[in-house]
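Single-structure report; data block below.
Bear in mind that the values in this text are calculations on the coordinates, not laboratory data. Computed from a prediction, not measured in an experiment: that's the story for all the values here. Cβ placement follows ideal geometry from the backbone for every residue including glycine, while neighbour counts extend to all protein chains displayed.
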Amino acid sequence: MLAINDIHTWYGDSYVLQGVSLEVKDATVVALLGRNGMGKTTTIRSIMGLTPPKKGSIVFNGKETVGMPSYEIARLGIGLVPQGRMIFPSLSVNENLTMAARNTTNKQDAWTLEKVFTVFPKLKERQKNKGNLLSGGEQQMLCIARALMTNPDLILLDEPSEGLAPIVVQGVFRVIEQLKAAGQSILLVEQDFAMAMDVADHAFIMSKGSVVWGGTADELIDNEKVKATYLGVGDEAEV
């Protein structure tokens, strides 16, 4: 579904992505892992065209997207749940959701307000509340729901657990598990290793702007050296 080949991305004079390659197959969850500052969010931004790569290829459902504006990339079927949530604080829950809704007359099981509210009943209770009156967990749920209202083929989730209490994180990942069970393709950037491995089929690890490891989630779980070296987790990690 998504094939990234040797992309190089800069922030001004800062050379951030130095030849990143990875792929996401249909109906799979891929975790993109690594310590802070290694280029994970920049990879997400490059996919969406927010920080376009200066070199390399990004192919989504057979279409090259490098050079396309972000809104056209989104229209191809990529939904973004950005780091920091970025909901519209002055709009109600309903308004945040309906402004993102995409025409889905030709898609079975399309995401509608009614369907979103079955997955996020708390949002139904809060549907008239403005975004800035929601808790952090509710804002994250709203951000995921807003992405679903675009009826994407692929969802990019950038640090969905960031800043949330553990019990709220569990609720977020229950939703991700539901989406996975329904066949939703997901690229997940996440610092919580255990949570990410619970839902991921495959994983890639980034270090200093490059992908340094790729394989199945089970292979990563069993690889103590890789986990310790690049993620600081596992029996061999330095304390």
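For the reader, a short list of remarks on this structure follows.
- Proximal charge balance of Asn129 [Cβ under 12 Å; K/R count +1, D/E count -1]: +2
- Residue-count net charge about Ile7 - beta-carbon cut-off 9 Å; Lys, Arg +1, Asp, Glu -1: +1
- Of Gly79, Met99, Gly209, farthest towards positive along the dipole that unit charges on Lys, Arg, Asp, Glu beta carbons give the chain: Met99
- Around Arg85: net Lys/Arg minus Asp/Glu count, Cβ-Cβ under 12 Å: -3
- By the beta-carbon count within 10 Å of each Cβ, the least crowded to most crowded order of Ser185, Ser46, fewest first, is Ser185, Ser46.
- Residues of type lysines that Lys130 reaches as a straight line, Cα spacing below 17 Å, ignoring anything fewer than 8 places off in the same chain: Lys122
- Computing Rg and the Kirkwood Rh from the Cα coordinates of the range 81-152 gives a ratio, Rg/Rh, of 0.95.
- Least to most buried among Asp192, Asp109 (fewest other Cβ within 10 Å first): Asp109, Asp192
- A simple spin-label model places the labels of Leu133 and Lys63 3.9 nm from each other, with each point 7 Å out along Cα-to-Cβ.
- Sites Gln178 and Lys225 - FRET efficiency at Förster radius 35 Å, r taken between beta-carbons, to 0.05: 0.55
- Each of Val24, Phe117, Ile58 was placed along the dipole of the chain (beta-carbon charges, centred on the mean Cα), and the one lying farthest toward the positive end is Phe117.
- For the chain, the antiparallel share of DSSP beta bridges with both residues in that region comes to about 55%.
- Amide H contacts of Ser207 (H built 1.01 Å from N, under 5 Å, at least 5 apart or other chain): Val212
- Sorted by Cβ density within 10 Å, fewest first, the residues Thr98, Thr28, Thr43: Thr98, Thr28, Thr43
- Share of pairwise Cα-Cα distances greater than 27 Å in the chain is 34 percent (whole percent).
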